[in-house]
Structures are given as structure tokens and as C-alpha cells.
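Read the structure below first, then the notes.
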Amino acid sequence: MEFMRDLLLVLGGISLSIGMLSLIAGIYIKSFRIYFYFGVFSIGAGIYYLIYTQYVPGEIQPLLRFYISAAAVYYIFFPLFISEFTRSRHKTAAVILSLTILAGYVVFLFTDLHSDSLTWQVIVHAGSMGIGAYGIYNGWKMIRSSRVSGIVFTSSMVIFLLFLIDEIMATYLGFALIARIGGFLQPLDFYPMLFIVIMTGVLLQDLAMKYHLQKQVTQKDNKWATLMNNVGLIVIELNPEGRIEYVNSHYETLTGYTRKEVLGKSWFDLMIAADERKMLVNVFQEELEKDIWSEYQNRIISKNGHSLIINWSNLPTRDEDGKVIGVLSIGFDQTRQQEQMNEISELKKQLEKENLMLQEEISRRSGGLKIIGDSTSIKYAINKAIQVAPMD
């Protein structure tokens, strides 16, 4: 008995330590919910083991409600962790299973400990069977994307289901396939610690892989940022609401705005002229909905109020599920070229006007001289000859 109590103390201490470390890890990494759920699960298991050290066989325990409460904590968070870890799309099922366990726990709180009612146990066992099936199903699907982690997790869920069936048989049929450990502990009582040890190894491997991948991503991001900041093109990123997520250095140089001034602000309100804003917002929303991206040209307004004509190429940015989460736009400033084209067009108009005036002047000065051909060059030459000819 003393050995079992010492073992439970050790298990409780390990579970609490892992639980606290998981909660801390969850705060500093993006996969917060996975480590939060695992941390709460582990802390619940740790408290469960520590309370169990006060167990006296054959007696109704004064700490029984606390003992069951601790068990309820890790069972409630168990399906939530499974859902996050396996990236299940059936998250509603996980919530239903958690609520089922919670319902069983509430019934337990209102049950007389001296009665023979099994209602709360039936509810909890039904929810637990659902957790086992849910875990095996999602673990099997996980094998396709992450073979080793999927196999390890699925195996742990199969063990859980076998231990659970053994407890159900002991509770309702009066016999069990696996002998009690220490005379009173069921195999299922040790499952939380087994699961914690297995999943700690898997999560540590996951953290190491994420660190390695993050390092690679950081290196690529640095290269990308260097390229984007040194290229002579505008590069911006907008979220689905049209708010600015990123601008490069050339954007700052060209528009006069700094990153700090524009990040988080609406691109259309800040950069687009009022008479074009509604039309461009509609184009942006339509491309988001249809996931069809085109090249186009439009004006933007710089900080000093000048209009800039930009040719845009647009690329969608996507999450791991392929959903569009933003737009990366690369723009080429065609303002000077457009100004030159306008100047050429205006010069052409002026030349045509001057040519017309020249033809009228030639006609007036020639005094009806017949000019062969329609070449304005010939007419211009004759006109000049008339001007320089000696007068009688």
C-alpha cells in the first residue's frame, strides 16, 4: 500500500509538472489550444493521483467528490485536445463529448454517495466510449499526413478503449479481464499518466520540428524581405477586409508614407481617390469571392496629394487549407511613362494645329499658285521661298 501511495505521489508530481510546462509553452507558441488543453488535462490527472493517495479501500471517501472532480477535468478536456492535435474537422463532436462528461459530473454532484445509483457512471462511460471512438477515428485519418505521430496516437487511443471496456465490465458485470493493481487501482486509473508520457514525447518532437521549420521560414522571410525591399517595385499585402498587412521600402519612397502610418489601415480609404474607391472595392471583393485574379491599372494618391498611376499584378495568399487569407500585389509605377504619353499626345495635337495654320498661310501667300501634290513639306518649302524671294 505504501508503495502504491509513493507511486501515485510520483505520478501526480510528474503530471502537474508537465501540465504547468505545457501551459507555459502554449503561451509562447502559436498552437496555443493544443498545449492549453494538454496542460489542463495533465494538471487534472496530477490532482487526481495526489488525492488518490488518501484512498482507503472499502470506505466511502471524504475526498471522493474532489477525486471525481479531478477526473472530470481531464476527461472534459480530453476530446478537445484530440480535436486540436489531430486537426479534426469534426470539432462539434468534441464539444458534445465534453458536454456529455460534464453532464455526468453534474449528475454525480447531486447523487447521494451512499446510494447505489449508477446514472452518472452510465453517462460518463457513454461519453468515454465516444471519446475512444472519436480518438481512433481521427488518429487513423491523421496517419495519412503524419504517419509516426498518427500511429502512436491511434495506438494510445486503442489502449484507452481496451482499459475502458475492462472498467465497464467490472462496474456492470462484476468481473474484469485485467487484475487490479495494488488490489484497488484499475488499469484505466493509470491511463492518464501513460497518455501524458506518450504525448509529451510526440509534442516535444513536434516542437523540435516546428523550431526547425520556423528557422527555415525565418531565413526565407529574411531573403524575401531583402528582395522585396530592394526591388524597384511596390509590394503590398492586403487582408480580406482590404487592410494593409505589409508594404515594402519602395512603397514608402514612392508614396511618402511610412509602414507605421499605413499598417492596419484601409488601402482603399487611404490610397484610392474618392471617385474610384467604390468601383475598386467592388473589384477587390469580386476577385476574393471568385478567386480569380487579374492585372489592372489604377491611380493611387501619395501623401503629398499627387496621383500615381500603377500597373498591378495580384497573387492570393492562402492558409494551409488553401483558403484565401489575403492578396499580395506587386505594382509598377507608370506615372512618368503615362505623363510622357500624354505629352506626346498633346504635342501631336499642337503639331496638327500648327500644320493646319501653316497650310492656310501658304494658301494666302501663294496668291492662287497651283501646288502639285498634297505634301505639306512641299507647301512649307514653297512658303519659305515666297518669304525670302526679292520683292519688286
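The values are calculated or read from the model by the stated rules, or taken from the named source; none is laboratory data. None of the values given here were measured: they were computed from a predicted structure. All Cβ positions, glycine included, derive from the backbone under ideal geometry; neighbour counts span all protein chains shown. With ligands, DNA and RNA removed, areas are computed over all heavy atoms of the protein, side chains included. Shrake-Rupley method; radii C 1.70, N 1.55, O 1.52, S 1.80 Å.
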Selection from segment 226-267 of residues that are more than 26 Å from the chain's Cα centre (by Cα), touching a residue at least 40 places away in the same chain (Cβ under 8 Å) and more than 17 Å from residue 304 (Cβ to Cβ): 233
How many residues are in contact (Cβ under 8 Å) with a residue 24 or more places away in the chain and over 20 Å from the mean Cα position of the chain (by Cα) if we restrict to segment 288-297? 2
Test for residue 289: is it assigned to a strand (DSSP E or B), closer than 30 Å to residue 145 by Cβ and either open to solvent by 40 Å² or more (accessible area, probe 1.4 Å) or out of contact with any helix residue (DSSP H, G or I) (no Cβ under 9 Å at 6 or more places or on another chain) (or both): no
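For segment 189-213, how many residues meet the condition of being among the aliphatic types (A, V, I, L, M) and open to solvent by less than 50 Å² (accessible area, probe 1.4 Å)?
The qualifying residues number 6.
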Taking segment 298-331 as the region of interest, how many residues are open to solvent by 70 Å² or more (accessible area, probe 1.4 Å), at pLDDT 85 or above and under 30 Å from the mean Cα position of the chain (by Cα)? 2
Is it the case that residue 264 is at pLDDT 90 or above and in a loop (DSSP other than H, G, I, E, B)? yes
Six or more apart or on different chains, Cβ under 8 Å: which pairs go from a residue in segment 56-72 that's farther than 13 Å from residue 113 by Cβ to one that's modelled with pLDDT under 65 and assigned to a loop (DSSP other than H, G, I, E, B)? Could you list them? 57/183; 57/184
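Would you point out which residue out of 193, 169 is modelled with pLDDT of 80 or more, more than 44 Å from the chain's Cα centre (by Cα) and within 22 Å of residue 127 (Cβ to Cβ)? Quick ask: steps written out before the conclusion?
Values: 193 fails: more than 44 Å from the chain's Cα centre (by Cα).
It is 169.
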For the condition closer than 30 Å to residue 5 by Cβ and either in contact (Cβ under 8 Å) with a residue 60 or more places away in the chain or out of contact with any Cys (no Cβ under 7 Å at 6 or more places or on another chain) (or both), what is the one hit in 134, 172? 172
Output for segment 24-48, where each listed residue is surrounded by fewer than 17 Cβ atoms within 10 Å (Cβ to Cβ) and in a helix (DSSP H, G or I): 24, 27, 28, 32, 33
